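Please read the structure below before turning to the comments.
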Amino acid sequence: MRKLKINSQLSYLFLGNLTILFVGMGLFPVLPLYAAKFGADRGVIGLFFGSIYAALTAGSLVLGWLANRMERRKLFILIGLVGMPPLVLLGFASQLWQVFVLTAVVWFCGGVNLALINLLIGLQTQGSNRGRSFSLVSLSIPFGSLIGATTVGTLVSRAGYPVMFMVLGAVWLVLPLLGLVAINFPQSTGIQSAQRNTRASTDLGGKRYALLLGVAILSATAINTGRLGMSLSMQSLEFSPQAIAGAATISGLVTIPLTILIGALSDRLGSRHSLWLVYLLTSGGGIVLSGAAQLWQFWLAASLTTLAFCTNGAMTSALAADLLPPTSLTRGLPWVNTAISAGAIVSFLGTGYLMDLLEPRSVFLIASTLPIIAAGVVQLLPARSLASDTSDVQLEADCDPGKSPVPAVGGCM
């Protein structure tokens, strides 16, 4: 019965993740075109993407602070409601600065709720199924990309931007509805919780967690260098837009079953070993991309890179949840999203510049070495936290009033 409840909650968390990524990844291909309507050139568009990913990073970063000052359910619902009006207003923007500001607000709200969903997975799962749970929810990435891009493209071509943004605004309302009626939000309360949080704060500041955040930045930088560099390389080789879109479609289709497989293997091999597999995929994608000239080579590079993109956050979060005691998850897991977003900002701002300075092949080979460095650093990390032996017992006690004098708030899984 408990397993059934956990599975239902994972379904709701998947739907929440999918809603955010449906909007974000659906808009990603058309935002440069929309910004160009207001006179933005390539340099300004690069700054535009840097600004919205900075907003995404800020959203992930402030979650720990917000979650300690507001009930999680109220926070999830509030952020869902705040994100809807800017989406609709984007369709009626008249100046470029309005597009910058409104898009940044949407990305900030998405960052907060993505990090909160990530936190809820860590709180509601145990080590025996944690990797599979994170991976299943991460399937929203390829699904969001496939469904979102198709929907947004169709709406823009048939109805125009204002209607498209209004539809996305309506879709965004799924988030507050999920928070109101479906998702459970376990909370720690009372003096015991405060004492546990005080003890756990020293664990979060340890060198091992700083190393994990460092490798998250390295891997995200390498992955996003491949994502952006692939489009630039295919454009320079004069592939058609249909061919470029086809590579993304094929990689998305390949990624869905393999993400499920990696998630299942992670609970058998351990999160650390699964991260090595992610880094191998990332490095392999960069090496293939460095010599890609034919369409099938770009298909292979896109598949490796997209699979790494879909599983990197899940496996890093799973290892973070293994390393941190349960009372540190509220502060610790949002930093994983922040580190991954920071890596994306670095790669987006630097890839185009480096490809002008160096030949693309050199850039991709340099990027392919970053996951190898990350794998070496992960080897230095322990497989589990010293506090993890008691984490499952504590979670069970929090969910059972008969085992703990402090009942959980918001329900247990």
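Brief remarks on what is shown
- Close pairs (6 angstrom Cβ cut-off, 6 or more residues apart or separate chains): assigned by TED's automatic domain parsing to the domain that holds G24 and farther than 18 Å from A36 by Cα in segment 77-106, among the acidic types (D, E) and part of a helix (DSSP H, G or I) anywhere: none
- Where a residue in segment 234-257 is surrounded by 12 or more Cβ atoms within 10 Å (Cβ to Cβ) and its partner, wherever it lies, is at pLDDT below 70, with Cβ under 6 Å and at least six apart: M234/I244
- Any hit, segment 88-97, residues being buried (at least 23 other Cβ atoms within 10 Å of the Cβ) and modelled with pLDDT of 90 or more: yes
- Unmet criterion (only one of (1) modelled with pLDDT of 85 or more; (2) in a helix (DSSP H, G or I)) for G64: (1)
- Checking each residue in segment 17-56 for being farther than 20 Å from S145 by Cα and among the hydroxyl-bearing types (S, T, Y) picks out only S51.
- Test result for T306, closer than 24 Å to G24 by Cα and under 12 Å from the mean Cα position of the chain (by Cα): no
- Taking each residue of segment 142-168 that is within 12 Å of T249 (Cα to Cα) and looking for partners that are of a type in the set (S, T, N, Q) and surrounded by 19 or more Cβ atoms within 10 Å (Cβ to Cβ) with beta-carbon atoms closer than 6 Å, six or more apart or interchain, yields P142/T255.
- Among (1) over 24 Å from the mean Cα position of the chain (by Cα); (2) modelled with pLDDT of 65 or more; (3) more than 30 Å from I366 (Cα to Cα) - the single one A194 does not satisfy: (2)
- Any hit, segment 332-342, residues being in contact (Cβ under 8 Å) with a residue 40 or more places away in the chain, in a helix (DSSP H, G or I) and surrounded by fewer than 18 Cβ atoms within 10 Å (Cβ to Cβ): no
- Top-ranked residue in segment 33-46 [being part of a helix (DSSP H, G or I) and at pLDDT 75 or above; ranked as surrounded by the fewest Cβ atoms within 10 Å (Cβ to Cβ)]: L33
The values are calculated or read from the model by the stated rules, or taken from the named source; none is laboratory data. Please read all numbers here as calculations on a predicted model, not as lab measurements. All Cβ positions, glycine included, derive from the backbone under ideal geometry; neighbour counts span all protein chains shown.
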